[in-house]
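First up is the structure itself, then whatever we jot down about it.
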Amino acid sequence: MKETLFCRILKYALCAAFVVGLVLTVTLPFMLDTYARIIHGATSLSAGYRAFILPFLMVVAVPCLWAVLEMVLMLRSVPTGPFVVRNVHALYRLGIVFFVLAAAFIVKCFLFLTFLTLFCVLMFIGGGLFAFTLAALIRQAIVFREENDLTI
């Protein structure tokens, strides 16, 4: 089966997002100083805030990069057939990653409560539930496909 234009565009967009995310993660300490200088007009962030926000952003960035990489690997299976066990496991891992991210943002709620933080918690919980639901659906599709292959 030939890969559609939409899948190719999506794969390139995810690859670009992974590369940009990797560059931003590596340059994060320098980006924070630039952010403080441009947005807040300060020479640097306060020591307490920087001591929290830099590790927090690193803890959040790594699972996000992993999630994007999982999606890229899942898209590789589209031309040959997406209903494979590897995609089910990838979706379960994505669900776990989303719940880990939700937990990180819940911890952040106790230290720096903002509306956006609460919104992120809800979105990551929703994303995790969606990934688990999609994994269950694909697992069932694999079972149906295997049963149909046996009846023919």
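The values are calculated or read from the model by the stated rules, or taken from the named source; none is laboratory data. Keep in mind that this is a model prediction, so the values were computed, not measured. Methodologically, a virtual Cβ is constructed for each residue, glycine included, from the backbone with ideal geometry; neighbour enumeration extends over all protein chains shown.
Evaluating Ala90 against the criteria (1) in the same structural domain as Asn148 (by TED's automatic domain parsing); (2) over 30 Å from Cys7 (Cα atoms) leaves one unmet condition, (2). The listed residues are Val97, Val72, and the only one of them that is at pLDDT below 95 and β-branched (Val, Ile, Thr) turns out to be Val72.
Quick test for you: out of Pro55, Pro63, pick the one residue that is farther than 30 Å from Glu146 by Cβ, touching a helix residue (DSSP H, G or I) at 6+ places or on another chain (Cβ under 7 Å) and not charged (D, E, K, R).
Pro63
Scanning region 1-45 for residues that are surrounded by 11 or more Cβ atoms within 10 Å (Cβ to Cβ), under 23 Å from Phe105 (Cα atoms) and not aliphatic (A, V, I, L, M) yields a count of 7. If the condition is being of a type in the set (D, E, K, R) and within 20 Å of Ala16 (Cβ to Cβ), then region 51-103 contributes Glu70, Arg76.
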